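Only the coordinates and a few stated rules stand behind these numbers; no lab work does. Just so you know, these numbers come straight off a predicted model, no measurement behind them. Here the Cβ positions follow ideal geometry from the backbone for every residue, glycine too, while neighbour counts run over all protein chains shown.
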């Protein structure tokens, strides 16, 4: 992912969306169960201050936050939670993140894969910290891991680097260190993109590409991804401008994909961070996702809706 990208959530500039619809949907949110800084309960309480009606918590390779979030959501009359996950995948040397919506949180195949990914993340993070020592960056894996919920990733290392004054921001941590090719080669916890799509479908869900602008060769792969069961692409996402949105809208139209979106919120407390409710697709997206889920799974949608 290019963290210098102007459309990225990491870029330090303010955006103002000018949609013809009120933003009531945010389908890309993270909690402390992966690399976010708010617990699921804290996130829901923050959402109380917005106009959001439909949300999805999409923690990286983890679904443990959904139960806590649902308990909070069930106390509210006008908020719907879509079961979600964000799987880190790779295909043709491209890093591709696949969002899964309406998944069955009791799917044995999904749970087993999550356990496998968790162990691989642990081993990878230890290797990255060892590599960083060669760059005179000295971090304690034990200290960092103790502050996670078991799912560790590069953003956790970036925050530790900020705390120890090696860098001033997450953006700087990635630009100077964590996007190093050696580190990228260390990260082996990703599963194949096609396998991830099959896994989400097997769990009764809908697979959607997250932040597509981070994919170097999407046009060379989109046909096969659609053939295997891809349902949508994030369009109204991160800090994507009109030109970027229009580009991905055309891809959605060509392949009959649902244009989705959300802020990819992590509560990083950075200047001009995208907050829940600052970006998102029209309400009709939710209806399209439900219809698509029904057309694929019938009565066997992973999440009862």
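Table for the structure above
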{"quantity": "Tensor-based shape of segment 148-189 (alpha-carbon gyration tensor, a/c under 1.5 rounded, otherwise prolate or oblate)", "calculated": "oblate"}
{"quantity": "Neighbour-count ranking [beta-carbon atoms within 10 angstrom, fewest first] of 285, 148", "calculated": "148, 285"}
{"quantity": "Antiparallel DSSP beta bridges within the chain, percent to nearest 5", "calculated": "40"}
{"quantity": "Relative exposure of 226, 167, judged by other C-beta atoms within 10 Å (fewest first)", "calculated": "226, 167"}
{"quantity": "Ranked list, fewest to most other Cβ atoms within 10 Å of each Cβ, for 242, 181", "calculated": "181, 242"}
{"quantity": "Segment 136-169 and segment 252-299: distance between their alpha carbon centers, rounded to Å", "calculated": "30"}
{"quantity": "Gap separating the Cα centres of segment 36-72 and segment 189-216, nearest whole Å", "calculated": "21"}
